[in-house]
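Please treat every number below as a calculation from the coordinates, not as lab data. If you're wondering where the values come from, they're calculated on a predicted model, not measured in any experiment. Methodologically, a virtual Cβ is constructed for each residue, glycine included, from the backbone with ideal geometry; neighbour enumeration extends over all protein chains shown.
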Amino acid sequence: MTDLELRAQSFEIAWKYLDQSGLLTGERKDAARFILNRIDRMMIRGERRRLLLSNAAIDAYRMRPALVPLGA
């Protein structure tokens, strides 16, 4: 499996879980960027286990600070 395939599959697992569980909030582009950033950082450090990549991205997304819109 190539790195691009691994990245795509890890993202897809994380995205589907977060979407189906109702945990995706805010802008979907921002959520996708956040998830991919976490996966990319782990891959740079040498991680190649798909489920570990996706689960770490899910955990990071769930624990991220909630952004409060200006004027709220």
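Could you compute the net charge surrounding Y17? Neighbours are other residues with a C-beta less than 14 Å from the C-beta of Y17; K and R count +1, D and E count -1. Charge balance near Y17 sits at +1.
Taking the longest Cα principal axis of the chain as reference, the axis of helix 50-63 is set at about 20 degrees.
Axis of helix 3-20 versus longest Cα principal axis of the chain: the two differ by about 40°, to the nearest ten degrees. Against the longest principal axis of the chain, how steep is helix 28-44, in degrees 0 to 90 to the nearest 10, with axes from Cα atoms? Approximately 40 degrees, to the nearest 10. Taking all Cα pairs closer than 8 Å and separated by 6 or more residues, the relative contact order of the chain comes to 39 percent. Write down Rg/Rh for the chain, rounded to two decimals, with Rg from the C-alpha atoms and Rh from the Kirkwood relation over Cα pairs. With Rg and the Kirkwood Rh in hand, the quotient comes to 1.01.
Peptides 35-46, 52-63 ranked from most to least packed, by the mean per-residue count of other Cβ atoms within 10 Å: 52-63, 35-46. Straightening the chain between M63 and E27 buys 11.3 nm, computed as 0.36 nm per residue apart minus the Cα-Cα spacing. Stretching N55 away from M1 to a fully extended chain increases their span by 17.6 nm, per 0.36 nm per residue minus the current alpha-carbon distance.
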